[in-house]
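Here's the structure we're looking at; comments come further down.
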Amino acid sequence: MSADLTRSTAAELASAIASGETSSVEVTQAHLDRMAAVEPAVHAFLHVDGERALAAAARVDADRADGKPLGPLAGVPVALKDVLTYAGAPTTCGSRVLEGWVPPYDATVTRRMLDAGLVILGKTNLDEFAMGSSTENSAYGPTHNPWALDRIPGGSGGGSAAAVAAYEAPLAIGTDTGGSIRQPASVTGTVGIKPTYGGTSRYGLVALASSLDQPGPCARTVLDAALLHTVIAGHDPLDSTSIDAPVPDVVGAARSGDVRGMKIGIVRELGGEGYAPGVEQRFREAVEVLSSLGAEVVEVSCPHFSYALPAYYLVLPSEASSNLAKFDGMRFGLRAGDDGTRSAEEVMGLTREAGFGAEVKRRIILGTYALSSGYYDAYYGQAQKVRTLVTRDFEAAFAAVDVLVSPSTPTTAFRLGEKVDDPIAMYLNDLCTIPSNLAGNASASFPVGLAPEDGLPVGLQVMAPPLADDRLYRVGAALERALQERWGGPLLAQAPELATLVEGVAR
Ligand code: GLN
């Protein structure tokens with residue numbers, strides 16, 4: 001274990017806490033100190049409750065002293081995307097409309113982490129209602145990429161990825177509706193997993209698009225992600241789409257990393273023109289590594305993936321327009337214009353006008369239009385048919401190969417402000433990640449190096465069949481081991497010290 005506790009992995013911290021080499025209070029305090037030092041530059045968090053975290057840590061330490069059995073991640077700090085409820089802590093979803101709302105209940109993901117003894121540090125920043133690819137749509141200001149503070153940390157879960165990359169937390173929870181765990185992982189050099197749809201519970205997750213949303217782990221190592229995955233996954237009767245099946249052995253797969261004999265398919269449609277040269281190069285090299293480790297690599301065609309993005313941008317706004325209808329100033333958070341002279345309907349209108357940002361309004365309008373009678377069949381209905389075709393492409397591909405791979409994102413982290421006024425350019429970030437949300441299969445992003453042209457992280461996406469999440473970890477662990485040998489340590493060790501970056505910005 002590293003002398004600086006914040007540089008240790010979650011697995012190392014858990015075993016050091018269990019053996020008494022360190023305490024959860026010490027570990028938690030080290031991360032709170034790190035946050036105090038780097039948050040002014042990174043802004044990964046919207047809400048931190050150090051006192052509550054230290055109290056939870058002290059309980060784990062007391063349990064250990066009493067000889068009570070500890071879970072595999074007991075005492076380890078974690079950051080929670082601010083779209084999942086944690087009773088007593090504000091949940092804003094990055095929106096003004098929910099300002100001041102304190103949920104009275106825990107999301108299932110939150111509850112399982114608390115029951116396992118994980119220590120929740122706080123809530124992380126995100127694009128408003130998880131709509132975006134840069135965290136710039138947060139009503140509370142953007143998060144900065146720890147690799148380069150003038151760059152985006154990805155989105156919508158930029159806060160969770162940045163917290164992990166900046167050593168503010170060894171673990172974080174994200175949610176992935178179109179790529180919001182994988183794309184931020186890709187651009188911050190971290191590991192991000194979107195479990196099979198129904199593999200983790202959506203109870204207590206403020207819904208963006210219910211048929212696409214899925215919570216999952218963010219971490220610096222493949223094993224850490226697997227350990228967290230195991231804590232949060234599994235059947236939940238409170239979520240009607242939760243799958244009642246055993247959780248795949250992701251920890252075993254992460255420890256093994258054996259890809260001998262595995263068949264890996266490169267998706268022809270996810271590459272080539274429009275992809276940054278450094279992204280293509282690192283992707284190819286990583287695939288060669290897998291092949292040198294004994295995997296069989298073939299090219300696979302998924303012809304309908306080219307229509308996934310337009311289909312997603314009809315399905316998602318349609319579901320979002322319905323899900324967000326409840327934020328009307330009557331039940332949660334903000335209420336605007338209620339001066340005693342206005343009707344309820346006027347107050348609802350003023351609240352939504354004042355409470356929602358531009359991207360949220362754009363999608364509500366799009367979705368309402370797509371669902372309106374007369375257009376339903378032409379837009380929403382058509383998009384659902386495309387969704388079926390994308391799912392069939394996956395089924396055909398998985399009949400021939402064990403996993404599919406592609407770059408996670410077409411480019412590395414772009415500059416803050418660069419795409420904020422161009423929704424289509426922003427949407428194109430999710431070209432590779434969206435198909436797995438439409439089909440509901442498992443998918444992940446793993447760091448595979450730095451693009452030579454800008455020195456920023458590149459991610460490789462691995463896609464596996466539903467309930468075969470363990471295959472993601474097998475491939476991820478194989479890559480991690482082989483590449484770290486090449487790099488002489490973790491990729492994040494090559495990131496500039498944040499102190500240097502902060503000085504650079506000040507100058
Ligand atoms: N960037 C995508 C979007 O804006 C993904 C969002 C997500 O996964 N929450 O919709």
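Quickly run through region 406-418 and pick out the residues that are buried (at least 18 other Cβ atoms within 10 Å of the Cβ) and in a strand (DSSP E or B).
S406, P407
Might you check whether a residue that is away from the ligand (no atom under 16 Å from the Cβ), among the acidic types (D, E) and closer than 24 Å to G274 by Cβ occurs anywhere in region 452-460? If you could, list the steps in order and put the result at the bottom.
Taking region 452-460 first, the residues away from the ligand (no atom under 16 Å from the Cβ) are 452-458, 460.
Filter once more, so that each one left must be among the acidic types (D, E): 453-454.
Pick out the ones that are also closer than 24 Å to G274 by Cβ and you get 453-454.
Checked against the condition, which is being away from the ligand (no atom under 16 Å from the Cβ), among the acidic types (D, E) and closer than 24 Å to G274 by Cβ, region 452-460 yields at least one hit.
Using beta carbons and a limit of 6 Å, which pairs, at least six apart or on different chains, have the first residue in region 419-443 and open to solvent by less than 10 Å² (accessible area, probe 1.4 Å) and the second one hydrophobic (A, V, I, L, M, F, W, C) and within 11 Å of the ligand (Cβ to nearest atom)?
Within 6 Å, the pairs are I434/L309; N437/L212.
Any idea which of (1) in a loop (DSSP other than H, G, I, E, B); (2) in contact with a strand residue (DSSP E or B) (Cβ under 6 Å, 6 or more places away or on another chain); (3) away from the ligand (no atom under 15 Å from the Cβ) is the one P466 doesn't satisfy?
Failing condition for P466: (2).
Restricting attention to region 163-190, and to residues there that are over 16 Å from H144 (Cα atoms) and hydroxyl-bearing (S, T, Y), which single residue is nearest to the ligand (Cβ to nearest atom)?
Selected residue: T177.
Every residue in region 365-382 that is of a type in the set (A, V, I, L, M, F, W, C) and either at pLDDT below 95 or crowded, with 20+ Cβ neighbours inside 10 Å (or both), please. Give the derivation first.
Pass one, region 365-382, residues of a type in the set (A, V, I, L, M, F, W, C): 365-366, 370-371, 378.
Matches in region 365-382: A370, L371, A378.
Taking into account only those residues within region 399-451 that are among the β-branched types (V, I, T) and under 15 Å from the mean Cα position of the chain (by Cα), which is farthest from the ligand (Cβ to nearest atom)?
T409
Please tell me if R111 is within 27 Å of L334 (Cα to Cα), open to solvent by 10 Å² or more (accessible area, probe 1.4 Å) and assigned to a helix (DSSP H, G or I).
Considered against the rule, which asks whether it is within 27 Å of L334 (Cα to Cα), open to solvent by 10 Å² or more (accessible area, probe 1.4 Å) and assigned to a helix (DSSP H, G or I), R111 comes out as yes.
Here are some residues: E319, E345, E353. Which one is in contact (Cβ under 8 Å) with a residue 40 or more places away in the chain and part of a helix (DSSP H, G or I)?
After ruling out the rest, the residue left standing is E319.
Being open to solvent by less than 10 Å² (accessible area, probe 1.4 Å) and either in contact (Cβ under 8 Å) with a residue 12 or more places away in the chain or polar (S, T, N, Q) (or both) is the requirement here; does A207 meet it?
no
All but one of (1) open to solvent by 30 Å² or more (accessible area, probe 1.4 Å); (2) part of a loop (DSSP other than H, G, I, E, B) hold for L223, so report the exception by its number.
(2)
Looking only at region 13-38, which residues are open to solvent by 70 Å² or more (accessible area, probe 1.4 Å) and among the charged types (D, E, K, R)?
Across region 13-38, the qualifying residues are E21, E26, D33.
Name the residue, out of L314, L324, L309, L270, that is closer than 28 Å to A370 by Cα, touching a Ser or Thr at 6+ places or on another chain (Cβ under 6 Å) and aliphatic (A, V, I, L, M).
L270
I'd like to check something: does region 126-137 contain any residue that is modelled with pLDDT of 95 or more and more than 16 Å from the ligand (Cβ to nearest atom)? Can you show your working first?
Kept after step one, since they are modelled with pLDDT of 95 or more, are these residues of region 126-137: 126-137.
Next, from what is left, pick out any that are more than 16 Å from the ligand (Cβ to nearest atom): none.
There is no residue in region 126-137 that is modelled with pLDDT of 95 or more and more than 16 Å from the ligand (Cβ to nearest atom).
Among residues belonging to region 62-97 that are under 21 Å from R7 (Cβ atoms) and not in a strand (DSSP E or B), point out the one that is most open to solvent (accessible area, probe 1.4 Å).
In this case the residue turns out to be P72.
Among the residues of region 276-297, is any open to solvent by 20 Å² or more (accessible area, probe 1.4 Å) and within 28 Å of K385 (Cβ to Cβ)?
Within region 276-297, not a single residue is open to solvent by 20 Å² or more (accessible area, probe 1.4 Å) and within 28 Å of K385 (Cβ to Cβ).
The values are calculated or read from the model by the stated rules, or taken from the named source; none is laboratory data. The shown structure was predicted, so the numbers you read here are calculated from the model rather than taken from an experiment. Backbone-built Cβ (ideal geometry, glycine too); neighbour counts: all protein chains shown. To get the accessible areas, we keep the full protein, side chains included, count just its heavy atoms, and leave off ligands, DNA and RNA. Shrake-Rupley method; radii C 1.70, N 1.55, O 1.52, S 1.80 Å.
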